[in-house]
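What follows is one structure encoded as structure tokens, with my remarks underneath.
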Amino acid sequence: MKKIISAFLLFALGVFIVVFGKGFFETAIQKREVITQNTEKIQNVATSSVREKSAASGVSENLTSETPVTALQKKIVTPAVSPKPSVVSEAIIPPIPPKKIVQTTTEPLVSFAGSGKAVGMLESAEVVRWTNYQREQNNLLPLARNSKLDAAAIVKVHDMFDHQYFEHVSPNGKDASALVTGVGYEYLWVGENLALGIFDSEKALVDAWMGSPGHRANILNPHFEEIGVAVDEGQFEGRHVWLAVQEFGKPASSCPAPEISLKLEIEQNQMTIASSTAEANVLAVEIDSLEHGGDRAQYIQTVADYNTIVDFLNPIITRTRGLVDTYNQEVASYNACIGTADPAHI
């Protein structure tokens with residue numbers, strides 16, 4: 001009887017386990033699935049948050065749920081795009097070519113007012129002295145006597161006696177410019193006064209020139225710095241006369257020209273600036289394109305290339321601006337030294 005009761009109890013326990021154990025295990029499995037799903041949701045939320053932060057900071061790497069959080073802490077620092085270089089815009093003012101300004105009078109002075117003097121009594125040094133006296137009376141610097149201009153004046157006096165002419169241009173076509181150049185005088189300005197006649201003194205000769213507007217303009221020309229004089233007597237067209245010549249000059253050395261090496265460096269720099277700026281502008285366009293959806297690595301490299309050009313160019317631009325200013329100042333000084341005029345050409 002007891003055996004029958006024990007068997008019945010064991011059977012009842014088995015049924016209970018089968019019925020209620022299945023539900024228990026199913027509940028356990030469901031709880032595990034819920035835990036797993038919640039874990040995946042948390043991971044997905046974390047990944048989504050990282051992606052949003054990454055997109056906001058400009059990082060374009062493809063991220064997955066397996067990406068370690070520590071890897072997302074790395075930040076790409078994009079090189080800054082420097083300001084675009086500006087090409088030097090200051091103009092290089094070329095100097096006025098050395099002007100060979102010839103200032104003469106259209107009609108040489110002829111005067112027979114004097115009584116005449118013995119041969120050799122009119123001296124060139126005295127003519128220079130009285131010429132400078134007139135300049136000083138008009139607040140002008142005295143003229144320095146120049147041996148080459150003296151030589152040119154002597155050639156002119158002898159040529160006029162030899163060929164019996166009294167003009168600024170010789171029968172063979174030589175004027176004051178050709179005359180002084182022929183004796184090796186390099187000039188910026190040149191002028192010539194001629195006189196024929198009878199003069200009682202050097203003062204009388206200079207006074208006669210001062211009484212003629214054209215000759216006076218030469219004597220009082222502020223550009224002239226040097227003078228050469230020759231006076232001689234002889235026969236001219238059957239009469240005994242004096243011939244006097246004044247050669248005025250402003251030497252080329254009195255106006256230092258702007259430095260050629262400076263101009264060459266400026267021109268070379270400007271070519272470099274122009275070509276490099278064009279290259280930088282191409283990269284700037286590419287940077288703008290890559291910045292809105294291009295490959296990040298290419299963007300960074302392009303920015304770096306652009307900044308390299310800018311770093312190279314900016315010092316050259318700064319130096320060139322300074323060189324241009326210096327050169328233009330030299331040109332201005334040179335042009336002011338040369339001066340301007342409307343010479344009375346031969």
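No value in this document is a laboratory result; all are computed from the given coordinates. Keep in mind that what you see is a predicted model, and the values were worked out from it rather than measured. Don't worry about glycine lacking a Cβ; one is built from the backbone with ideal geometry, like all the others, and counts go over all protein chains shown.
Over the range 215-346, what relative contact order in percent results from Cα pairs under 8 Å that are six or more residues apart?
The normalised contact order for the range 215-346 reaches 25 percent.
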> R0 = 45 Å: FRET efficiency of residue 267 with residue 200, Cβ-based, nearest 0.05?
Replying inline: 0.15
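Let's test the formula: R0 of 35 Å, r as the Cβ-Cβ distance of residue 326 and residue 305. What FRET efficiency results, to the nearest 0.05? Kindly include the intermediate steps, with their values, before the conclusion.
Values: r = 33 Å, r/R0 = 0.94.
For residue 326 and residue 305, the calculated efficiency is 0.60.
Just list whichever of 174/250; 148/263; 156/250 have alpha carbons separated by over 30 Å in the model shown. Don't skip to the end; give the middle numbers.
Details: 174/250 19 Å; 148/263 33 Å; 156/250 19 Å.
Check vs 30 Å cut-off fails for 148/263.
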>> Show me the ranking of peptides 135-141, 267-273 by mean Cβ neighbours inside 10 Å, starting with the highest.
In response: 267-273, 135-141
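What FRET efficiency do you get for residue 163 and residue 240 if R0 is 22 Å and r is their Cβ-Cβ distance, rounded to the nearest 0.05? If you can, show how the numbers build up before the last one.
Working: r = 18 Å, r/R0 = 0.82.
After rounding, the FRET efficiency stands at 0.75.
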